[in-house]
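The block underneath contains the structure these notes are about, expressed in structure tokens.
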Amino acid sequence: MTTTRPEAGTNRISFLPVPDETQVPEGIRKLWGKAEANIGFVPNVFRAQAVNGEQFLAWWNYFNLLLNKEGYLTNAERELVAVVVSSVNRCLYCAVSHGAALREFGGDAQKADAVAVNWRHADLTERERTLAEYAEKLTLRPAEVTAADLEPLRAVGLDDHQIMELVQVIGMFNLTNRVSSALGFMPNAEYYPQGR
């Protein structure tokens with residue numbers, strides 16, 4: 001792979017060199033093309049993680065299943081959790097990109113922006129607040145989580161399938177935040193005006 005290292009202060013999307021279309025497997029080129037056709041751009045996370053193509057595609061398949069398919073939680077609830085976890089972890093890429101998705105699915109830009117900074121200042125429903133509290137605790141203090149932490153979730157109507165999906169989404173974003181932050185992934189400019 002012949003790529004150049006991004007210079008400090010340049011328009012970089014990762015701390016690592018990013019492959020171009022000639023340097024990635026066909027499956028990744030197809031995914032990039034599908035993203036371009038569906039949303040009008042290729043997310044930088046798709047480009048940056050393509051350094052290791054097979055691992056990226058495995059991550060994408062699970063991520064896509066959790067976030068982009070019909071699930072047990074609503075799209076807005078899954079994006080709320082994604083933004084809470086990303087905010088707590090101070091992950092720029094995910095807070096910005098999933099903040100955009102939360103604005104679109106939730107239909108409330110002010111609320112989504114508040115969640116991205118500090119969910120406690122957002123005008124959340126009781127159910128949303130309970131999801132956010134659980135997401136924050138599992139993110140910051142996983143060793144302290146017990147069976148008793150599921151009771152508030154059940155009290156706001158979550159069933160076993162929804163609880164499992166909630167935990168999986170929290171886990172996915174803790175993984176993705178760490179990869180994105182460790183390698184300095186920068187959000188696409190296209191995310192900032194979405195849902196406004």
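Sorted by accessible area with a 1.4 angstrom probe, largest first, how do 74, 130 fall?
74, 130
Quick check on the range 91-137: what does the Kirkwood estimate of hydrodynamic radius come out to from the alpha carbon pairs, in Å? Walk me through the intermediate numbers first.
Working: mean 1/r = 0.0930 Å⁻¹.
For the range 91-137, inverting the mean 1/r across all distinct Cα pairs yields 10.8 Å.
Please give me, ordered by residue number, the chymotrypsin sites (Phe, Trp or Tyr not before Pro) of the range 120-196 that lie in loop per DSSP and have at most 11 other Cβ atoms within 10 Å.
Within the range 120-196, no chymotrypsin sites (Phe, Trp or Tyr not before Pro) qualify (loop, at most 11 other Cβ atoms within 10 Å).
Using only helices, what value at 222 nm comes out for the chain when you add -39,500 (n - 2.57) per DSSP H run of length 4 or more and divide by the total residues, to the nearest 500 deg cm²/dmol?
Values: 9 runs with 118 residues, N = 196.
Calculated mean residue ellipticity at 222 nm is -19000 deg cm²/dmol.
What are the ³J(HN,Hα) values, in whole Hz, obtained from phi via the Karplus relation 6.51 cos²θ - 1.76 cosθ + 1.60 with θ = phi - 60°, for each residue of the range 173-190 in sequence order, with x given for Gly and Pro?
Once θ is set to phi - 60°, the couplings for the range 173-190 become 6, 5, 5, 5, 4, 5, 5, 4, 6, 4, 10, x, 4, 9, x, 5, 4, 4 Hz.
Roughly what would the spin-label model give for residue 168 and residue 196, points 7 Å off Cα along C-beta, in nm?
Result for the modelled spin labels: 3.4 nm.
Heads up, I need the accessible area for residue 159: 1.4 angstrom probe, whole protein in place, Å², nearest 10.
Approximately 70 Å² of residue 159 is accessible to the 1.4 Å probe.
When ligands, DNA and RNA are left out and all protein chains stay put, how many square angstrom of accessible area per residue does the range 54-131 have with a 1.4 Å probe?
48
What ³J(HN,Hα) values, in whole Hz, does the Karplus curve 6.51 cos²θ - 1.76 cosθ + 1.60 give for the range 150-159 when θ = phi - 60°, with x put for Gly and Pro?
Here the 3J(HN,Hα) series is 7, 4, x, 5, 5, 5, 9, x, 6, 9 Hz.
In whole Å, largest first, what are the principal axis extents of the Cα atoms in the range 1-114?
43, 33, 24
Going by accessible area, probe 1.4 Å, with all protein chains left in place, what is the ranking of 140, 124, largest first?
Descending accessible area places them as 140, 124.
What does the extension gain come out to for residue 149 and residue 69, with contour length at 0.36 nm per residue minus their alpha carbon separation?
Extending this stretch completely gives an extra 26.1 nm.
For the range 97-114, what does the Karplus curve 6.51 cos²θ - 1.76 cosθ + 1.60, with θ = phi - 60°, yield as ³J(HN,Hα) per residue in whole Hz, taken in order and with x for Gly and Pro?
5, 7, x, 4, 5, 5, 4, 6, 6, x, x, 9, 4, 5, 5, 4, 5, 5
In whole Å, largest first, what are the principal axis extents of the Cα atoms in the range 87-168?
Between the extreme Cα coordinates on each principal axis of the range 87-168 lie 33, 25, 22 Å.
The values are calculated or read from the model by the stated rules, or taken from the named source; none is laboratory data. Given the structure is predicted, the values throughout are model-derived calculations rather than measurements. Note that we place each Cβ from the backbone using ideal geometry, even for glycine, and neighbour counts take in every protein chain shown. Just the protein is used for accessible areas: all its heavy atoms, side chains included, with ligands, DNA and RNA removed. Shrake-Rupley method; radii C 1.70, N 1.55, O 1.52, S 1.80 Å.
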